[in-house]
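Have a look at the structure below, then the notes.
The values are calculated or read from the model by the stated rules, or taken from the named source; none is laboratory data. Being a predicted model, the structure only gives us computed values, none of them experimental. Here the Cβ positions follow ideal geometry from the backbone for every residue, glycine too, while neighbour counts run over all protein chains shown. For the accessible areas, the whole protein counts, side chains as well, though only heavy atoms, and no ligand, DNA or RNA atoms are used. Shrake-Rupley method; radii C 1.70, N 1.55, O 1.52, S 1.80 Å.
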Amino acid sequence: MPLVTSAEMFKKAYEGGYAIGAFNVNNMEIVQGITEAAAEVNSPIILQASAGARKYAKPVYLRKLVEAAVEDTGLPIVLHLDHGADFEVCKDCVDSGFTSVMIDASSKPFAENIAITKRVVEYAHDHGVVVEAELGALAGIEDDVAVSAEESHYTRPEEVEEFVSKSGCDSLAIAIGTSHGAYKFKPGTDPKLRFDILEEIQKRLPGFPIVLHGASSVPQEFVSIVNQYGGKMPGAIGVPEDQLRKAASMAVCKINIDSDLRLAMTAGIRKHFVEYPDHFDPLQYMGDGRENIKALVKHKIVDVLGSNGKA
């Protein structure tokens, strides 16, 4: 089975009231942990590469790793560009075998965002590739994407119909209260997603797939392990998983997960080095990180996304 686009995945997810997990990847162990978990629960998945991952591993290595995962598992897998900064980056990923790209022109004025997105859409569609766009601005930091709290703003439902119709995008990332990175909300706060905005967007774009970025839940068990074994992570909580499950039952068809993966990998490696200080073989400590990734992804698929059994 070759790499696929997300078009059919999203159609089934929308109709079935679940979401597809879009997991960020940058090395072999993360790809393996994610795809082994997905195979065990028979879930379709999206593996996505950020600017940092492409710089670290190079697109050709990422594509070959993901193609190997398809061959190994037989799962429907999308290779997606996360936060493409401009047309040239998106074009390069289309040309190098990605089956889905995101153009993030959300920092631009509305009309310019449409124009940039439309240009990417026209090129990508000519090559059989689907396009995700963004409207609204999430606070937080992810690789080269940095938006202050003052610069962030919710997606305006009254703009979505015009944006989608004029740009031609295939899915739309919106801002309803999530944020990039692990340091989202201080303990004691009560984060709530703006379901009123999501509901209004769903009314205006019936059947159209919506995407949530910045949806990591910051698992406290991994934060505790990191700090127990020499880390110094400040207290932070993420997006409550029950709210993500509710979003997945509505118009949200793709939920991005990155920081939780990093936490899981780091917790496994830190714990291994403290318990086995004489070890120096990556096959040992990277394996522990991979097992954490696998357990986390299986939990996300079954208990949050609801995509198990849907491959």
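The table that follows gives values for the structure above.
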item	result
Amide H contacts under 5 Å for ASN42, placed H, 5+ residues apart	GLY309
At R0 = 35 Å, FRET efficiency that the Cβ-Cβ distance of TYR276 and GLU67 yields, to 0.05	0.55
Relative packing of peptides 272-280, 212-220, 40-48, 121-129 - highest average C-beta neighbours within 10 Å first	212-220, 40-48, 121-129, 272-280
Charge dipole of the chain about the Cα centre (unit charges at C-beta), most positive-ward option of GLY97, VAL226, GLY21	VAL226
In nm, spacing of pseudo-spin labels at GLU158 and TYR56 (7 Å Cα→C-beta vector)	4.2 nm
Solvent-free Debye scattering, log10 I(q)/I(0), computed from the Cα coordinates of the range 207-311 at q = 0.18, 0.22, 0.24 Å⁻¹	-0.88, -1.13, -1.25
Percent carbon-and-sulfur accessible area, the range 67-142, ignoring ligands, DNA and RNA, probe 1.4 Å	52 percent
DSSP bridge pairs, the chain: antiparallel proportion in percent, nearest 5	15 percent
The chain pair-distance distribution - Cα-Cα, 10 Å bins, rounded %	6, 28, 38, 22, 5, 1, 0
Cβ-placed point charges (K, R +1; D, E -1), dipole of the range 189-311 about Cα centre in debye, nearest 20	420 debye
Computed accessible area, LYS294, all protein chains, 1.4 angstrom probe, square angstrom	40 Å²
Nearest-20 debye value, the chain charge dipole, Cβ charges on Lys, Arg, Asp, Glu	300 debye
Orientation-averaged projected area, Cα convex hull of the range 1-94 (nm²)	6.0 nm²
Solvent accessible area, Å² - ARG245, 1.4 Å probe, full protein context	80 Å²
